[in-house]
């Protein structure tokens, strides 16, 4: 996990970056098993497509950028609860817990399982620095996620040391987030 001082420094430098120059091409994934960076062409202010997607969400991991897209709303798994971000939100730097980050893109909620980190909001750009994340096909099916939760819960109940309990608790949180994301994915696939 990134140290708080390092994460704040990195986040502050990222917030200052301009995102207007990106073009709508996919770039190859930096790490194995990770899908190609998801990018979109930025719409001009006078876009007639009817889309309300006027914010940028970026998810960055140590392996590189994972998501960079336009959206109309972002919900972050904050340490003290969910954080809802809309266009025009005040500048913010906040820790992110293990959970489901979701963003509304073209009227559809897209789930991303994040494993801790930090988020910054500035000038309608939401930047999330995460230790790791899962998106799309990386998110297991609902059945697999439920099995993961059952085994994580069993490990938590049989944990004997403080370290084992802490690790098992994190595994339960991750499994719960995967279930929530798999449920969201399942609803979208049926639609």
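The values are calculated or read from the model by the stated rules, or taken from the named source; none is laboratory data. Keep in mind the model is a prediction, meaning the values are calculated, not measured. So basically every Cβ, Gly included, is an ideal-geometry build from the backbone, and we count neighbours across all protein chains shown.
Taken as a whole, segment 155-170 holds at least one residue that is modelled with pLDDT of 90 or more, touching a strand residue (DSSP E or B) at 6+ places or on another chain (Cβ under 7 Å) and not assigned by TED's automatic domain parsing to the domain that holds residue 79. Considering the conditions (1) part of a helix (DSSP H, G or I); (2) within 15 Å of residue 112 (Cβ to Cβ), residue 170 is excluded by exactly one of them, (2). Given the criteria closer than 19 Å to residue 75 by Cα and without any contact (Cβ under 8 Å) to a residue 60 or more places away in the chain, does residue 182 qualify? So residue 182 passes the test. Per the listing 111, 140, the residue uniquely under 17 Å from the mean Cα position of the chain (by Cα) and within 21 Å of residue 55 (Cβ to Cβ) is 111. No other residue among 181, 177, 145 is in contact with a helix residue (DSSP H, G or I) (Cβ under 7 Å, 6 or more places away or on another chain), surrounded by 13 or more Cβ atoms within 10 Å (Cβ to Cβ) and either modelled with pLDDT under 90 or in a helix (DSSP H, G or I) (or both) apart from 145. Residues that are over 20 Å from residue 136 (Cβ atoms), crowded, with 19+ Cβ neighbours inside 10 Å and touching a helix residue (DSSP H, G or I) at 6+ places or on another chain (Cβ under 7 Å) within segment 74-122 comprise 118, 120, listed in sequence order.
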